[in-house]
1. Provide the FRET efficiency to the nearest 0.05 for the Asp123-Lys54 pair, computing r from the beta carbons and using R0 = 35 Å.
2. May I ask for the angle, rounded to the nearest 10°, between helix 17-29 and the longest principal axis of the chain, with both axes built from Cα atoms and the value confined to 0 to 90°?
3. Of the listed peptides 95-104, 120-129, what is their order by residue-averaged count of other C-beta atoms within 10 Å, with the highest listed first?
4. Residues with amide H under 5 Å of Glu3's amide H, sequence separation 5 or more or different chain, H placed in the peptide plane at 1.01 Å from N; which?
5. Over the Cα atoms, compute the radius of gyration (one decimal) and Dmax (the largest Cα-Cα distance, rounded to a whole number) for the range 54-141, in Å.
6. Give the ranking of His22, His133 by solvent-accessible surface, highest area first, calculated with a 1.4 Å probe.
7. Taking the DSSP beta bridges in the chain as the whole, what percent of them are antiparallel, to the nearest 5?
8. Between their Cα atoms, which of Lys63/Lys104; Lys66/Lys98; Lys76/Lys98; Lys61/Lys162; Lys44/Lys166; Lys78/Lys98 are more than 23 Å away from each other?
Amino acid sequence: MSEIIVFRYGHRDVRDYRVTSHCALVSRAFGATSIIICGNKDEKVTNTLKGVTKRWGGKFKVKFVKTWEKELANLKKKGFVLVHLTMYGEMIQNVDKKIGKNDKICIIIGSRKVESGIYEISDYNVSVTNQPHSEIAALSVCLDRIQNGNELKLEFSGAERKIIPKKQGKEVIPLK
Ligand SMILES: C[S@@+](CC[C@H](N)C(=O)[O-])C[C@H]1O[C@@H](n2cnc3c(N)ncnc32)[C@H](O)[C@@H]1O
């Protein structure tokens, strides 16, 4: 499977805590290895993800950066293909297979209005429908399509507990 990093552009602390946390949770659950959040450092997001990773496993990392220019240029140098999710981009159903063939992928999602430089530095500007909706939804669909659904079978190592899927009710077994 590809190494996938999610880059969250324009995080505003307090106001964006919940949505950014959900972007991070989706990134982790759907197979990304880390999220880079561009904006003020927000310990609440870091702590939420630390807690979830401790209980449910895996090695997900959260990193904060002040500006996007250097970070995205560095990722590009390291061989990451940059995929910016925007309702103005080309349709995901036409590029998902091609994007998914790359070993290293960075998915960029916005919050407030995204600067034109992000459109320019990106290798792909990709839409998940050409209707306005949410970065959480766009990220989920993109992660699923570029991994061809294989992220649904992921196992998370080192978990303290595991859910046994059931038709009804809840079953959680301790692993430690
Ligand atoms: C709530 S939207 C706000 C967009 C902002 N008002 C703008 O004009 O760029 C936040 C993010 O959700 C993602 N998004 C929303 N709708 C999308 C769509 N149809 N396709 C892909 N990404 C989308 C984009 O990453 C966008 O930056």
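The values are calculated or read from the model by the stated rules, or taken from the named source; none is laboratory data. Computed from a predicted model, the values in this text were never measured in an experiment. Positions of Cβ are backbone-derived with ideal geometry, glycine not excepted, and every protein chain shown enters the neighbour counts. For the accessible areas, the whole protein counts, side chains as well, though only heavy atoms, and no ligand, DNA or RNA atoms are used. Shrake-Rupley method; radii C 1.70, N 1.55, O 1.52, S 1.80 Å.
1. 0.50
2. Roughly 70 degrees, rounded to the nearest 10.
3. Final packing ranking: 120-129, 95-104.
4. Here Lys104, Ile105 satisfy the definition.
5. Gyration radius and largest Cα-Cα distance of the range 54-141: 13.7, 39 Å.
6. Correct descending sequence by accessible area is His133, His22.
7. Around 10 percent of the beta bridges assigned by DSSP in the chain are antiparallel ones.
8. Beyond 23 Å: Lys66/Lys98; Lys44/Lys166.
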